Amino acid sequence: MFNRLNILVLTVILGVSAGSATAKSLDFIVENNTFGYNIEHTNIDTVNEGQTHIGDIIKPYFRYNIQENMFIDAGALLNIPFGEDGKVQTADPVISFLYDLKPGWRIVAGTINQKHPLLDAIFNDDRIYTDPVEQGFQFMGNSKNARQDLWISWEEKERADRREKFSIGDYTQLKGAGFMVDAQVYWVHFGGQRNAGGGTDNQLSYAFGAGYSIQPRKFQRKLWFLDEAGFDIHYIYAKRDPSENSADPRTREDGMLYKVFAKVLDTEFHYLIWEGGNLDFRTAKGDPLYKADRYREIGVQKNFWLADGIALTFGVKGQFVLDRFVHEDLIGVKWQGDFPLLEDYFHNLSERAPKSDAYSRSKRIASKNYSK
């Protein structure tokens with residue numbers, strides 16, 4: 001697999017190099033996340049069962065800068081759980097075309113960015129440890145007054161004995177003067193026309209919310225330590241329409257989520273309240289705790305920047321579920337290295353490009369004059 005992947009990477013890079021004399025750079029980038037994440041969910045089996053994720057996720061890839069706002073990434077993502085004798089649990093190719101429409105706004109084709117801003121009730125952040133790659137198309141952006149993430153992800157190809165699976169998600173937020181409103185939708189579809197793996201299954205979740213936040217240190221010097229404080233409220237709805245021959249029930253459930261948060265000296269605090277329906281509240285990829293009719297959560301997370309591009313993270317969440325106290329604990333180290341390649345070659349190439357363009361223009365003008 002890795003030989004095929006290396007051939008793919010080199011083919012993409014060399015192919016683009018031959019076709020573009022205006023390329024500016026080639027970088028080799030490594031993104032790494034070493035983590036220990038303990039989900040201590042005991043005696044709440046009807047909602048969730050605890051587990052521990054300890055390991056390393058590393059993403060080495062080449063980034064080819066075609067022009068100022070256009071890139072190609074090619075590499076791999078490796079998920080390496082500790083305690084498995086150094087085995088790689090999953091190895092996925094990474095191949096992306098990225099086009100920046102303007103600062104902060106991007107179109108992605110291929111391996112997309114999985115850090116979607118959806119609520120945990122709809123799309124659980126824990127999935128990064130178990131299923132860290134998505135392939136498809138994405139339109140994303142973040143500016144002063146808007147935030148957007150719209151994507152489609154192909155997850156399973158249809159076979160004779162297996163249904164196809166794909167998902168579509170959207171997060172749209174409008175913000176200004178401290179206020180925000182957002183709409184969130186996530187749809188997972190199982191189906192296909194040429195398989196014997198079951199009928200069509202659709203799972204839809206959506207949410208609408210509003211909130212307000214302030215940055216006190218900007219208005220009051222005495223509150224220099226308080227970076228941000230605010231709250232938000234969301235209505236969340238989930239439904240599932242299983243196939244006719246499925247044993248799973250058809251469900252329609254909703255609930256309300258209330259959250260207050262603050263950031264003090266680069267330390268994030270939050271407290272949330274979930275008031276749901278019952279154990280039939282099911283989302284395709286949401287946090288299973290939301291199946292409880294209600295739960296409370298208080299959390300804190302602190303990032304320490306050890307050096308440029310290196311962050312040490314500590315986090316803990318305390319949760320009250322089914323009249324029991326459970327918790328989640330996180331420690332992680334994230335780092336990124338960026339290594340420019342063939343700098344002299346691309347410098348010389350960029351210097352030759354204007355001369356080559358001027359020569360081509362002069363030839364076209366001369367040819368045009370001669371034809372007259």
For the stretch 34-75 versus the stretch 125-185, the gap between their alpha-carbon centres in whole angstrom: 16 Å
Potential lengthening between residue 145 and residue 344 on full extension [0.36 nm per residue; Cα-Cα distance subtracted]: 67.5 nm
Nearest-0.05 FRET efficiency for residue 214 and residue 40, computed from C-beta distance (R0 45 Å): 0.85
Residue 146 long-range amide H proximity, modeled H, under 5 Å: 175
The stretch 230-269 residues near the modelled residue 183 label - backbone nitrogen below 17 Å, point 7 Å along Cα→Cβ: 234-238
Gained length - residue 166 relative to residue 84, 0.36 nm times residue gap less alpha-carbon distance: 26.5 nm
Percentage, to the nearest whole number, of Cα pairs in the stretch 38-112 over 18 Å apart: 60 percent
Spherically averaged projected area of the stretch 2-341 from its Cα convex hull (nm²): 20.4 nm²
Cα centre as origin, Lys/Arg/Asp/Glu Cβ charges: the stretch 2-341 dipole, Debye: 920 debye
Residues residue 243 and residue 264, FRET efficiency given R0 of 35 Å [Cβ-Cβ distance, rounded to 0.05]: 0.10
In Hz, Karplus ³J(HN,Hα) per residue of the stretch 123-136 (6.51, -1.76, 1.60; θ = phi - 60°; x = Gly, Pro): 9, 6, 4, 5, 5, 5, 8, 10, 8, x, 10, 10, 10, x
In Hz, Karplus ³J(HN,Hα) per residue of the stretch 316-327 (6.51, -1.76, 1.60; θ = phi - 60°; x = Gly, Pro): 8, 10, x, 10, 10, 9, 6, 6, 10, 9, 10, 8
Residues whose placed amide H lies under 5 Å from that of residue 155, excluding near-sequence neighbours: 165, 166, 167
Backbone HN-Hα couplings from phi across the stretch 34-44 [Karplus 6.51/-1.76/1.60, Hz, Gly and Pro as x]: 9, 9, x, 10, 9, 9, 8, 9, 10, 6, 10
Rg(Cα)/(2.2 N^0.38 Å) for the stretch 123-171, N = residue count: 1.43
Placed amide H near residue 111: partners under 5 Å, 5+ positions off or other chain: 95, 96, 97, 136
Distance between modelled label sites at residue 28 and residue 293, nm, 7 Å Cα→Cβ extension: 5.9 nm
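A short reminder: the numbers here are calculations on the coordinates, not readings from a lab. Since the structure is predicted, the reported quantities are computational estimates derived from the model, not experimental observations. Heads up, the Cβs are rebuilt from the backbone with ideal geometry, glycines too, and the neighbour counts pull from every protein chain shown.
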